[in-house]
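All remarks here apply to the structure that follows.
Just so it is clear, none of the values below were taken in a lab; they were calculated from the coordinates. Computed from a prediction, not measured in an experiment: that's the story for all the values here. So basically every Cβ, Gly included, is an ideal-geometry build from the backbone, and we count neighbours across all protein chains shown.
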Amino acid sequence: MKTYTILLFIALSFSLSLFSQSSLKIDSLTVLLSNAINEQDELSLLIELSGLQNRDTRSFDKCIETLKRANEIAAKDSNLLALSKIYGSYGVLFRNASNYEKAIESHSIALNYAQQANDKTLQASSLNNIGVVYRRMDKQAIATQYHIDALKIAEEIHDNYNISVSVNSLGNIYSLSGMYTEAIVYFRKGLALSELMGNKLGTAINLNNIGEVYEFLSVPDSALYYYTKSLDANKAINSQKGIGISYNAIGKIKLIYGQANEAYNLFSEALKIDKKLGDKKFIADSYINLGKALLALKRYTEAEEHLKKGLAIAHEIGSTTHCHWGYEALSEVYKKTGNSNLALSTFQKSVEYKDMVLNLKTSRAIAIIEVMYKTQKKQQEIELLKKSQEFSQKEIARQRIIQVAYLTGFLFSVFAVIAIYLALKVKRKANIELLKQKEEIEKSNKRLNQQQDEILKKNEEINIQRNNISQKNKNLEEAYSVIESYIGKITDNIRYAQRIQKAILTPIDTTIPYFSDSFCLYLPKDFVSGDFYWMIPMDDSIFIAAADCTGHGVPGAFMSIIGLDILNQAVIQQHITEPADILDFLNIEIRKKLRKDDEEAVLKDSMDIAICRFDKKTQILHYSGALIPVMIIRNGEVIEHKASPISIGISASVYSKKFEQKAIQLQPNDWIYLYSDGFTDQFGNGDGTKFLRKRLYSTLTSVSPFTGKKQHDELHRAFIQWKGNLEQIDDVLVMGLKVM
């Protein structure tokens, strides 16, 4: 342990000495600026100086001043290349300061200047920079598009540096999406290019990324090997940010090996570097890693403190990945300290953020964009073949014209010889010369025939290629036909399942003897739904439920059928009449149906549900809910009764309390509303914002004076108008019942 601490101290001292060298370079550039002979020299020095200052957020104000002066000089004579570089430097500065909106704005301006100047190197660089910022914002699909656009331009001009940046970034996106095989391919390509160019920073980054993939694949020995090589490369070029990243990476492997003290020391040194540089993403990373090390060292209070600091920064910069890691570790801290309620709530948060990180739509978007790129390349190849064919046909026509010209000349010569012979009886010497001319013409014709043969061969090759392409298109059409047939069969089966599910659901007319009016807005995302409603009349009472199963489509529909079956068992077979007892029965039975023991604390296939029993004589509503509230509107006033903060499917070892039940005295003309989260979570409004519960309550209040049918139509119209052209993200269920 002592030896390791000494080595760590030496490494840190070496890094600090190299850091001072960077400061010396800034000082030397400052001296050169003071002695600049003309504004063009000054401009070049200012751009170079900003490239050093924008790496350290402590130099933020100085870098702004440097870029402002550079912009003044470049704007005088509209120096487009310089302006593109200046705004690119602005973008890096704002990115490192975690001001991502300003970073994207600056890189977009840099791209515009590069396009005006028709400089493809700067275009590729700007596109890559925009992609990096979107990756920081966890918008992987958008980032992919920019990196692929950059890659196409870089490959066109053989710009190895931007090619290496693009493939490295695409590797990162694949890695975050769990597509590790593809990620390794891109990282190794980026590493080879960086080593070929002698780009030590690129080498360090790719080595670290390869190590990270091996860490995700649970191969810690390989991960440690690449992380250590990356650290050596970062030290060689004095990359302070890279050194901090390497300390964090090696520290995580030390934690896997159970070497918590060594991990803690590495994370602490990484945090010192990150605070100096001011990049909030890496500060959050170091705080969360320190929290994990302190958790392993059983220093729970300190662990909680560091994890909360990391989570605060993660929320500030919008990093869902760090939120997932932070809440996951914080849940373990609360579990170790015996705080089961906080352990459960933070665990649920970590699951929510994990679902965001592993969003399948991102992976699909990436795959679609790549297919578009490959298709575009194939189209370009076809266009090249067409151009080659057109060229060959033009060449044949040109050669024929030449051949006709030679033939015409030959005939003219023959006639001339005959005319001269008949008229003047020229000497034999003249005849010999004419014969020589004839021989030369024949040789020319022979060469033309050879050229024509070569052109015909080329045409044959083009026809073969065209036939191959035609055959491939035919194969694709046949494959598409087979796929279309399967899709038709699958769609027919799902439509039949939709009819079955509708038949199982109780008609809303069942409520007529108990309520003066009612409606049910039921909008499955796909053909079948994970949301369902349930009603059973019994004497003077009626049981009503609204539920939201995990997922949607076919998996959600299966869960809804299981839920309906258990609810019928509870009331009809088991004669359970209290909503809270029905929820307890449902919680136990659903775990049995899915064959889950108590070791799995919270089922992934869970259910949110509200159950009510309405007594017509007393007009009392007995309500119990699992994450679904009941809302009552009385004379334009909203009254909300909250549900228990757990889903159906939780183990009794984690949450042993009974579900809470409430008795609510209703009044004539009260409207009762039950709903799933599909309506409130829908994105729309033209800017991608959610509808949210507050807006739903406001809408229900405004339509509550209307009839049930009118409320149904108005809610449907409001939902469609809000969603606009965006995809419906979940099943929608809103049920309304009016007290007599």
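Worth a mention:
- For segment 108-192, the equivalent ellipsoid derived from the alpha-carbon gyration tensor has semi-axes of 22, 15, 7 Å in decreasing order.
- With θ taken as phi - 60° and the Karplus curve 6.51 cos²θ - 1.76 cosθ + 1.60 applied, the whole-hertz 3J(HN,Hα) list for segment 569-575 is 4, 4, 7, 7, 8, 8, 6 Hz, x standing for glycine and proline.
- Inter-part distance where segment 630-682 and segment 244-307 are each reduced to a Cα centre, Å: 42
- Computed E for R693/E439 - FRET, C-beta separation, R0 60 angstrom, nearest 0.05: 0.05
- Amide H to amide H, with H built 1.01 Å from N, I729 comes under 5 Å of F683, counting only residues 5 or more places away or on other chains.
- Just so you know, the Cα atoms of segment 33-182 work out to an Rg and Dmax of 15.9, 54 Å.
- For segment 171-179, the Karplus equation 6.51 cos²θ - 1.76 cosθ + 1.60, evaluated at θ = phi - 60°, returns couplings of x, 4, 5, 4, 4, 5, 8, x, 9 Hz by residue, with Gly and Pro reported as x.
- 10 Å-binned pair-distance histogram of segment 147-191 (Cα, whole percent): 35, 50, 15, 0
- Coordinate range along principal axes, alpha carbons of segment 506-738, Å, largest first: 44, 44, 28
- Lys, Arg +1 and Asp, Glu -1 on Cβ, resulting dipole of segment 506-738 about Cα centre, debye, nearest 20: 400
- Around the Cα centre of segment 94-171, unit charges on the Cβ atoms of Lys, Arg, Asp and Glu (plus for the first two, minus for the last two) sum to a dipole of about 240 debye.
- Here the peptides 267-273, 111-117 are ranked by packing, the mean other Cβ count within 10 Å, and the order with the highest first is 267-273, 111-117.
- Projecting the Cα atoms of I582, V703, G563 onto the dipole axis of segment 506-738, where Lys and Arg carry +1 and Asp and Glu carry -1 at the beta carbon, places V703 farthest toward the positive end.
- Peptides 154-160, 184-190, 287-293, 25-31 ranked from most to least packed, by the mean per-residue count of other Cβ atoms within 10 Å: 287-293, 184-190, 154-160, 25-31.
- Long-range amide H partners of D526 with built H, under 5 Å: G553
- Peptides ranked, highest mean first, by Cβ atoms within 10 Å: ranges 550-560, 665-675, 524-534: 524-534, 550-560, 665-675
- For segment 234-313, the equivalent ellipsoid built from the Cα gyration tensor has semi-axes of 20, 16, 8 Å, listed from largest to smallest.
- Amide H contacts of I664 (H built 1.01 Å from N, under 5 Å, at least 5 apart or other chain): L621, H622, Y623
- Taking θ as phi - 60° and the Karplus parameters 6.51, -1.76 and 1.60, the scalar couplings of segment 691-705 work out to 5, 6, 5, 4, 5, 5, 4, 5, 5, 4, 4, 5, 9, 4, x Hz in sequence order, x denoting glycine and proline.
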